[in-house]
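The values are calculated or read from the model by the stated rules, or taken from the named source; none is laboratory data. None of the values given here were measured: they were computed from a predicted structure. Cβ placement follows ideal geometry from the backbone for every residue including glycine, while neighbour counts extend to all protein chains displayed. Note: areas computed on protein heavy atoms with side chains; ligands, DNA, RNA excluded. Shrake-Rupley method; radii C 1.70, N 1.55, O 1.52, S 1.80 Å.
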Amino acid sequence: SSYASSSALVAEIKYEQILMLGLWPKIESISGKSQLLFALVFTTRYLDLFTSFISLYNTSMKLIYIACSYATVYLIYMKFKATYDGNHDTFRVEFLIVPLGGLSFLVNHDFSPLEILWTFSIYLESVAILPQLFMISKTGEAETITTHYLFFLGLYRALYLVNWIWRYYFEGFFDLIAVVAGVVQTVLYCDFFYLYVTKVLKGKKLSLPA
């Protein structure tokens, strides 16, 4: 599937997150559940590692996605468990996984195991940030370094929209599933983007109505 091609930008973002967790001993405002969902996203998306080989770069980037995702989960739940705020990270992720799993069986490009799992990963990635936003809304604030990470994570998805428009006009390529999922994810970030620009960039601490 075309969307399975690697993006160095996202790999860089995930790597930067690990650096952030390694250098920033307090992770109260980071949602472990969102990171678990991202790990599930990349695991289900890149199972084609076992069935096809495109290039060394492609394979390397897929492995980096997966490794960084699980390394982040390890840092949150193990190394920095003492500062992880599980009391506020309470989003019911099963309310995302179960219906999106069903949707991936009903709406996909091809009814085959790998394609269904790829479709599920696209759907799940579009809403994987919800536990993080829910956690921020419960605590009412987030550390500045966390907001920077979230901003660039959302920005990369917004840039994908630009990429799809470019490919549609110059290559005639259009993937409805990926485009709709990308739009949904970008919309979920809109309120956060507004607060980031109006508060964080002005030196204020980000806060959401609890």
Residue, modelled with the highest pLDDT, within region 38-53, restricted to residues that are outside any helix (DSSP H, G or I) and touching a helix residue (DSSP H, G or I) at 6+ places or on another chain (Cβ under 8 Å): Y46
Only one of these conditions is not met by F170: (1) aromatic (F, W, Y); (2) open to solvent by 70 Å² or more (accessible area, probe 1.4 Å); (3) under 29 Å from L103 (Cβ atoms). Which number is it? (3)
Which numbered condition trips up Y57, out of (1) in a helix (DSSP H, G or I); (2) farther than 14 Å from F38 by Cβ; (3) at pLDDT 90 or above? (3)
Close pairs (6 angstrom Cβ cut-off, 6 or more residues apart or separate chains): surrounded by fewer than 17 Cβ atoms within 10 Å (Cβ to Cβ) in region 54-76, outside any loop (DSSP other than H, G, I, E, B) and of a type in the set (V, I, T) anywhere: none
Just the residues that are open to solvent by less than 10 Å² (accessible area, probe 1.4 Å) and either over 18 Å from V184 (Cβ atoms) or touching a strand residue (DSSP E or B) at 6+ places or on another chain (Cβ under 7 Å) (or both), please, taken from region 117-163. M135, I136, A142, T146, T147
Counting just the residues of region 79-116 that are farther than 19 Å from V41 by Cα and of a type in the set (G, A, S), which one comes out most open to solvent (accessible area, probe 1.4 Å)? A82
Got at least one residue in region 190-210 being under 23 Å from T43 (Cα atoms), of a type outside the set (K, R), open to solvent by less than 70 Å² (accessible area, probe 1.4 Å) and at pLDDT 80 or above? no
Test G154 against the stated conditions and say whether it is on the phi > 0 side of the Ramachandran plot and of a type outside the set (D, E). no
Per the filter on region 60-99, residues of a type in the set (S, T, Y) and not in a helix (DSSP H, G or I) are Y84, T90
Is it fair to say Y168 is farther than 29 Å from E28 by Cβ, in contact with a Gly (Cβ under 9 Å, 6 or more places away or on another chain) and without any contact (Cβ under 8 Å) to a residue 60 or more places away in the chain? no
